[in-house]
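The values are calculated or read from the model by the stated rules, or taken from the named source; none is laboratory data. All figures in this text were calculated on a predicted structure; none of them were measured in a lab. Neighbour counts run over all protein chains shown; Cβ positions are idealised from the backbone, glycine included.
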Amino acid sequence: MKFTLASALFILATASAAHADGDATAGKTVFKKCIACHAIDPVNRVGPSLGGVIGRPVASVDGFKYSKAMQEFGKDKVWDEATLTQYLAEPRKVVKGTTMVFVGLKKPEDIENLLAYLKDPAAAQ
């Protein structure tokens, strides 16, 4: 079988796309690190509800009082996957002055899996 550059790139792109989707079931387990402060349900705790966070404007959950740092960071921003990936890895570095005490997720696969769960909590088994 002869491989061309185009077929090799296709294989790499397909593998990367599948890996980037993460595993919602594994993400539900990762979410246990967040559950002390956050919920998926539309209930605010110490932190705002994370249900529907992907695609939502930053610092926009009704009834939650955000820090000034998060309000400033959130101007004209939406929680997309790229922004959440950076934030989840180093929240205090991305939003200097945030009141969130969580140090972040160190494993990229934990972040990918958590994003998969946040996108579709019902997909977690």
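Here are the numbers for this structure:
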| quantity | calculated |
| --- | --- |
| Residue in the stretch 46-58 that is nearest to Gly104 (Cα to Cα), counting only those that are out of contact with any strand residue (DSSP E or B) (no Cβ under 7 Å at 6 or more places or on another chain) and surrounded by fewer than 15 Cβ atoms within 10 Å (Cβ to Cβ) | Val46 |
| Tally, over the stretch 20-48, of residues that are assigned to a loop (DSSP other than H, G, I, E, B), at pLDDT 95 or above and closer than 15 Å to Leu84 by Cβ | 7 |
| Residue match in the stretch 42-64 (condition: touching a residue at least 40 places away in the same chain (Cβ under 8 Å), out of contact with any Lys or Arg (no Cβ under 9 Å at 6 or more places or on another chain) and over 17 Å from Lys28 (Cα atoms)) | yes |
| So Lys119, is it over 9 Å from the mean Cα position of the chain (by Cα) and either at negative phi or surrounded by fewer than 16 Cβ atoms within 10 Å (Cβ to Cβ) (or both) | no |
| Number of positions in the stretch 87-102 that are over 14 Å from the mean Cα position of the chain (by Cα) and surrounded by fewer than 17 Cβ atoms within 10 Å (Cβ to Cβ) | 6 |
| Filtered residues of the stretch 59-83 (kept if under 12 Å from the mean Cα position of the chain (by Cα), surrounded by fewer than 19 Cβ atoms within 10 Å (Cβ to Cβ) and closer than 17 Å to Met100 by Cβ) | Thr83 |
| Residues located in the stretch 18-77, provided they are farther than 20 Å from Val95 by Cα and β-branched (Val, Ile, Thr) | Thr25, Thr29, Val30, Ile35, Ile40, Val43 |
| Any chance Pro91 is without any contact (Cβ under 8 Å) to a residue 60 or more places away in the chain, in contact with a Ser or Thr (Cβ under 7 Å, 6 or more places away or on another chain) and of a type outside the set (Gly, Ala, Ser) | yes |
| First in the stretch 104-125 and more than 18 Å from Ala39 (Cα to Cα), second anywhere and charged (D, E, K, R), Cβ under 7 Å, 6 or more apart | none |
| Verdict on Val53 being touching an Asp or Glu at 6+ places or on another chain (Cβ under 9 Å), of a type in the set (Val, Ile, Thr) and modelled with pLDDT of 95 or more | no |
